[in-house]
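The values are calculated or read from the model by the stated rules, or taken from the named source; none is laboratory data. These numbers were taken from a predicted model, which means no experiment stands behind them. Using ideal geometry, Cβ is built from the backbone for each residue, glycine included, and neighbour counts are taken over all protein chains shown. For accessibility, only protein heavy atoms count, side chains too; no ligands or nucleic acids. Shrake-Rupley method; radii C 1.70, N 1.55, O 1.52, S 1.80 Å.
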Amino acid sequence: MHLLMTLLFLSAPPDHPVRLVDRHLVTDVIWAVAVPADRLEHVYTRSAEGRLDIALFLLAAGAEEAASAGDRLVRRALAGAPALAGWRTAPVPFEGIHREGENPVTDGHP
């Protein structure tokens, strides 16, 4: 097993494209829907208008397994949280999720 990071990107509902969601709420929702089989170790979330960037650190045998587990976990969060109603997965943007002044290892820790 390895600790692997998988990135997921979500876009706001089309009828509310500039919607902003509290990143701490999203982190809490992900932790709330996680089950031991997900092997979730850490969550980092960044919120911008109409967009959520999520980095999940999972124990997995490989990148494909981590990506699949991350996708299932985020879909569970989307299905179970009214605050995320209408949000959907989005294509991976070209820029990274790390911004100067943010620490992707410690920000977003439960």
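The table that follows gives values for the structure above.
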| quantity | calculated |
| --- | --- |
| Filter result for D71 (at negative phi, of a type in the set (D, E, K, R) and at pLDDT 90 or above) | yes |
| Filtered residues of segment 1-34 (kept if under 18 Å from A61 (Cβ atoms) and either part of a loop (DSSP other than H, G, I, E, B) or open to solvent by 100 Å² or more (accessible area, probe 1.4 Å) (or both)) | M1, H2, L3, M5 |
| Yes/no for D53 being charged (D, E, K, R), closer than 18 Å to P91 by Cβ, touching a residue at least 40 places away in the same chain (Cβ under 8 Å) and part of a helix (DSSP H, G or I) | no |
| Residue match in segment 66-84 (condition: in a strand (DSSP E or B), within 13 Å of the chain's Cα centre (by Cα) and surrounded by 18 or more Cβ atoms within 10 Å (Cβ to Cβ)) | no |
